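The values are calculated or read from the model by the stated rules, or taken from the named source; none is laboratory data. For clarity, every value in this text was computed on a predicted model and none was experimentally measured. Reconstructed Cβ throughout: ideal geometry from the backbone, glycine too, with neighbour counts over all protein chains shown. Just the protein is used for accessible areas: all its heavy atoms, side chains included, with ligands, DNA and RNA removed. Shrake-Rupley method; radii C 1.70, N 1.55, O 1.52, S 1.80 Å.
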Amino acid sequence: MSKTSLRDLSLSEAALAVRNGEVTSVDLADAFLSHSEQVEPGIGAFLHLERDEVLQAAEEIDQRRARGEALGELAGVPIAIKDNIATTGMPTTCASRILEGHRPVRDATAVRKLREAGAVLFGKTNLDEFGMGSSTENSAYHVTRNPLRVDRVPGGSSGGSAAAVASGQAPAALGSDTGGSVRQPAAFCGLVGLKPQYGRVSRSGLVAFASSLDVIGPMGRSAEDVRLLLNVISGPDSLDSTSRAGGSSSRPGDSTSRPGGSPTGPENRADAPLPSVLGIPRRWIERGAGSDVVRVFEETCEWFRAHGVELREIELEAAEQAVATYYVIADAEASSNLSRYDGVRFGYRAQSAETLEELYTRTRGEGFGLEVKRRILLGTFVLSAGYYDAYYGQAQRVRSRIRSELETVLSGVEGILLPTTPTPPFPLGQKSDDPLEMYLSDLYTLPASLAGIPAVSFPAGQSEDGLPVGMQLYGRDDSEQDLLDWVSRFESSTRGNGGAS
Amino acid sequence: MITPDQVRQWARLARLDLPDPELERLQGDLDKILEFVRALQDVPVESGSVPDSVSESERGNHPLPSVERPDEVAPPLSREVALEEARSTSDGHFAVPAVVESEAQYERRTGSAGGDSNENTVLREDSDSREPGSSGDSNL
Amino acid sequence: MNADFADRQRSAKSEESGKSAKVAGRYDLVIGLEVHAQLRTASKLFCSCPNAFGHDPNRNVCPVCLGHPGALPVLNTRAVDLAVLLGEALGCEIRETSVFARKNYFYPDLPKGYQISQFEHPICVGGAVPLGDGRSVGLVRIHIEEDAGKSKHPEAGDDTESRIDLNRCGVPLVEIVGQPELHSAEDAGLYLSSLKRIVEFLDVCDGNMEEGSLRCDANVSLKPAGAAELGTRTEIKNLNSIRNLERAIRFEADRQAKILDDGGTIDQETRLFDEASGRTRSMRGKEDAHDYRYFPDPDLPPVFVSDDRRTRIAAVMPELPLQRQSRFENSFGLSPDDAAVLTQTRALADYYDAVAESAPDPVAAANWVRTELLGRLSAEGKDITSSPVSPRELTALLKALDDGTLSGKLGKAAVAEMVETGDAFAVVVERNGWKVVSDTGQLAVWVAEAIEKNPSEVASYRAGKTSLLNFFVGQVMKASRGQADPGALRPVIEKALED
């Protein structure tokens, strides 16, 4: 097979080819590495990618096959990892100076499961520092460009993972989603990105940003690639008290198990059933989204309608408060989660400090970027004496409302269709000076995060000037498999024409 | 309007050194963000206590009964690994600039009084008004 | 072996129980104690590191208790069980749902920058600590939290760095918060020793104050005698023994009284007790506000204790010290004082129970344990937990005493030698050739000797001073090196003197 066609294989095809000996893991890795050498300088998707390291890991898979060992469902398949997910043998910096050179002593549970399934870790991808951002411009190391249009942002915070896959450097990647950080970059880079239900994937080894919201999510070129990754990394974990079983995910290691949803079906889900009713918050979309996005939304609605899905208009009132709610809760948790970076046990330590106070304030002052400081300050304030109830307390109350509103709506419809972002990818630098503007662009992804429900972003069309536009499906509890089924159907009937039009 | 002193106070609580230009910029940003966030306070909600993870609403994320692990010991890290990334160590310890009394005084040493008596125990003051159930509540 | 509880119960009883102690007659003293007890689990509260420290620094640590990025806490079920057990023993309401919260502050021995504790929703609410004299002191709450590490600070000026050992980080604690219902240093001491005894009997905590397994802070305030409203309190830390708790309270009450007498006001502050000087001193530094920014820990789901679980835990409740004390009185006929002393620690009570079970006379057994054994152990620098004399060996000795094959005098010597050598009773008897002689032939030889050596006493006796009989018994016991059977001896002497 040519190197191009090797890179075009789906994850399951690639793994099957490796297991059957049609291709070696080294060949597969080499195909991606060679391509990466050409395109990466113009993209900047990775914070860490070592050719030798990747080839060595691939070589080990090939040797295991040669010894006759059974290989897992990701045998020899390279997977890029967002750099806020702990990997032994590689740095894990969260794109922050404060973790420069940090090498975890344990793999994240999701990474361990990837390795057990035979995957080859393919470097660490760039992100907004600690996941705080929507453009990957907040990395302490470098920006990442959108491979589809290099003057545009790839989205964030999992922008490096999205750009790595969209530029063909890796077939799939892990990201993390706190308020949209998997879905928004997936939308900006023309990929499928799944935010699993909260707790579906262990957070053990995911460096915490906002613990009640964080979840690791797969990003790939198709719903089926994303599904395969989800099936590998999901499941309850004794190292994370908030992880949980659900759906039919309780058969670890079984490649046919289907976390979050209906019973095992065929690998090709192109004939999977579509929902009978989807909710559409049309007024919210018309008010909040740009014309390109509204148009693609209407086209997507049309596709579902044409395939027998009833579309029912819904009102989401509480969800419109999601941005303010999210920033209070996420930043409160972040301010506490980031207290451990104090220069004492790992990571950056200010050299000039002569007193303990200086050690703390300088290490953190020099080690954190501006956006992280902004979040820490806001989070410190909303938890402080005298303000706690009015800010953090109120945000929790509104969060409850958002959750119960979505619960109520989803008891009447099987899913909610809405855009992932209000606009197509914006130019680099456009919003980096206006944090509030940046925050507001997360409005459509945040409600699912606050409610903890699964949501998937999928490529649905293009703007007038050819930029990708992603649509999003929210689902009920344990509905990941259904969401991916629906996206799979959509893909199979629209593949090749770039969307629903 | 947020004042520079407020930002300084939060930075102090969060142990963040903020050079003046940063402080000025963050003050402006935070002012805008907080104004936006304040709108939350007009959202009609069920009054009463703050829903935290104990409340019905969040229980959806937390299956009952609670998640607990058996009381079993696993091997800890070797000390070499534990100290590996520390930039300063001393005789098997993590090392920090000496905690001098003026600093130590206002830091509460949580319930650690009565540790090894051969150590120079430094105590942290506790005057937190939000602490419920400390006998102080009714001892005033 | 200290006899804290029994001593304190006696001394508290000798005061006007239940009434406020007056400070200089003008003020009522009000004290509330906060007690931290390390739970006796095998592993730490939120990770699998051994719950053991005091050895090599930073040996019992892992990514969780070091606060590494990405590491998450998972609650130790045994710690919850122990907190529930303690709560049940103290009559607390056990909350079906309790919540861990983060207490945020920076300190080098607190790796995460926050301590996981319980704030708005503690596991136990209410309850009381019985003082053993019919009184009890109410509890506000009991909550579970993690311990911090240890900082070793340089002595003034001789070093430039503090050293941090994180072995203790994450060790499970309960904080037991008492109501401000104590009114004298003695009662505070009695409360703490009662609580100490309870946690030990439950095996919830080893109760070792010297090593910091049990720690106490005292909130102390004065109010005008009879006033309803409480005065401003100070919080005293670093109280590492019951004696120091009492000393600190006395000093602090006097200090506050002098300030109030002079028309001054008390600053609400934290004070440190200095063991050497017996004084408390202010820990006030910068007036920098503390703001712990508590919020529910999103890493930990609420703790759920079902009725069923609570019932199962309560069902295996060990006998509590006061229950045991009254059983010792009722079943074994011990005096209240003996019963209090022998229930001082669980180890001692277990020891006595084991002896009393097969001893011929439980009251005599109590006396032997309390006076002879504990006295000898103490002289050897040991306590009951390190006693070389097992209950079984002591019982053997008691049986020998009871059936007359060993005299009381030799019994005491035997205890001393058994404690010293760790040898079995039979071995000690054999080695010394100790046996009771009741053979009248041998006794008559010793008696004849005594009569011959003491002619004037013989004359007095024969003249009617029959009380001298005991003198001759003593002479014979001496000559026989304690082996003569006193019971058999008397008729032999009487007969010889009458002849």
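Observations on the model:
- The range C:255-364, Rg to Rh (Cα coordinates; Rh as Kirkwood inverse mean 1/r): 1.24
- FRET efficiency for C:Thr385 and A:Ser291, using Cβ-Cβ distance with R0 set to 56 Å, rounded to 0.05: 0.10
- Two-site FRET efficiency, B:Arg38 against A:Glu407, from Cβ-Cβ distance with R₀ of 25 Å, rounded to 0.05: 0.40
- Residues in the range A:1-30 reached by a label modelled at A:Gln38 [backbone nitrogen below 17 Å; 7 Å Cα→Cβ]: A:1-9, A:28-30
- Descending Cα extents along the principal axes, chain A, whole Å: 62, 53, 44
- Residue-normalised accessible area of the protein assembly as shown, given per residue in Å² at a 1.4 Å probe: 35 Å²
- Relative contact order of chain C, taken over Cα pairs closer than 8 Å and 6 or more residues apart, is 15 percent.
- Share of carbon and sulfur in the accessible heavy-atom surface of chain C [1.4 Å probe, %]: 47 percent
- Surface accessible to a 1.4 Å probe, C:Lys453 within the full protein complex, Å²: 150 Å²
- Of the GluC sites (Glu not before Pro) in the range A:310-419, those whose Cβ has at most 14 other Cβ within 10 Å and which sit in DSSP loop: A:Glu315, A:Glu317, A:Glu354
- Only Lys, Arg, Asp and Glu carry charge here, each on its Cβ (+1 for the first two, -1 for the last two); on that basis the protein assembly as shown has a dipole of about 1000 debye about its Cα centre.
- Residue among A:Ser135, A:Ala395, A:Leu33 farthest towards the positive dipole end of chain A, charges placed on Cβ: A:Ala395
- Which of A:Leu9, C:Thr440, A:Leu443, positive extreme of dipole for the protein assembly as shown (C-beta unit charges): C:Thr440
- For the range A:368-385, heavy-atom accessible area (probe 1.4 Å) falls by no less than 40 Å² from the chain alone to the full protein assembly at A:Leu370, A:Lys373, A:Arg374, A:Leu377, A:Leu378, A:Thr380, A:Phe381, A:Leu383, A:Ala385.
- When all alpha carbon pairs of the range C:63-187 are counted in 10 Å bins from zero, the resulting P(r) reads 12, 34, 27, 20, 7, 0 %.
- Eligible lysines near C:Lys112 by straight Cα distance, threshold 16 Å, same-chain separation 8 or greater: C:Lys44, C:Lys103, C:Lys150
- Partners for C:Lys258 among aspartates and glutamates (Cα-Cα distance below 14 Å; same-chain residues under 8 apart left out): C:Asp28, C:Asp267
- The range C:163-239 versus the range C:378-418: alpha-carbon centroid distance in Å: 37 Å
- Probe 1.4 Å, all protein chains present, accessible-area order of C:Thr385, A:Thr363, largest first: C:Thr385, A:Thr363
- Straight-line cross-link reach from C:Lys409 at under 19 Å between alpha-carbon atoms covers these lysines, not counting any fewer than eight positions away in the same chain: C:Lys399, C:Lys435, C:Lys478.
- For residues of A:358-367, the mean tally of beta carbons on other chains within 10 Å: 5
- A DSSP coil position with no more than 13 other Cβ atoms inside 10 Å describes the following GluC sites (Glu not before Pro) in the range C:229-336: C:Glu229, C:Glu287.
- Computed label-point distance, nm, for sites A:Thr88 and C:Ala496 using a 7 Å Cα→Cβ extension: 8.6 nm
- Here is the interface size for B with A: some 5400 Å² of accessible area buried, both sides summed, with a 1.4 Å probe.
- In the range C:385-454, Cα pairs under 8 Å separated by at least six residues give a relative contact order of 32 percent.
- Inter-centroid distance (Cα atoms) of the range A:107-186 relative to the range A:331-352, Å: 23 Å
- Dipole of the protein assembly as shown [Lys/Arg +1, Asp/Glu -1 at C-beta], most positive-end residue of A:Phe188, C:Leu139, C:Leu322: C:Leu322
- Volume per residue of the convex hull around the Cα atoms, evaluated for the protein assembly as shown, comes out as 209 Å³.
- For the range C:467-499 and the range A:378-434, distance of Cα centres in Å: 99 Å
- When the accessible areas of C alone and B alone are added and the area of the pair subtracted, with a 1.4 Å probe, the result is around 7800 Å², both sides summed.
- Working note: Cα gyration tensor of chain C, eigenvalues times five, square-rooted, sorted largest first, giving semi-axes of 56, 28, 22 Å.
- Apolar share of the accessible surface for the range A:3-256: 48 percent from carbon plus sulfur atoms, 1.4 Å probe.
- Assigned charges on the beta-carbon of Lys, Arg, Asp, Glu; the range A:354-462 dipole about Cα centre (debye): 220 debye
- On the range A:297-379, 42 percent of the accessible area sits on carbon and sulfur atoms, based on a 1.4 Å probe.
- The convex hull built on the alpha-carbon positions of the range C:319-432 has an orientation-averaged projected area of 6.4 nm².
- Over the C-alpha trace of the range C:440-498, radius of gyration and Dmax come out as 10.2, 30 angstrom.
- Extension gain, C:Ser282 to C:Thr371, is 27.7 nm, computed as 0.36 nm per intervening residue step minus the present C-alpha separation.
- Taking all Cα pairs closer than 8 Å and separated by 6 or more residues, the relative contact order of the range C:120-255 comes to 18 percent.
- Of the GluC sites (Glu not before Pro) found in the range C:123-224, the ones in coil according to DSSP and having at most 11 other Cβ atoms within 10 Å of their Cβ are C:Glu155, C:Glu210.
- Chain A: DSSP helices with Cα axial extent of at least 18 Å and average Kyte-Doolittle hydropathy no lower than -1.0: A:25-43, A:291-306, A:322-337, A:370-383, A:394-412, A:480-494
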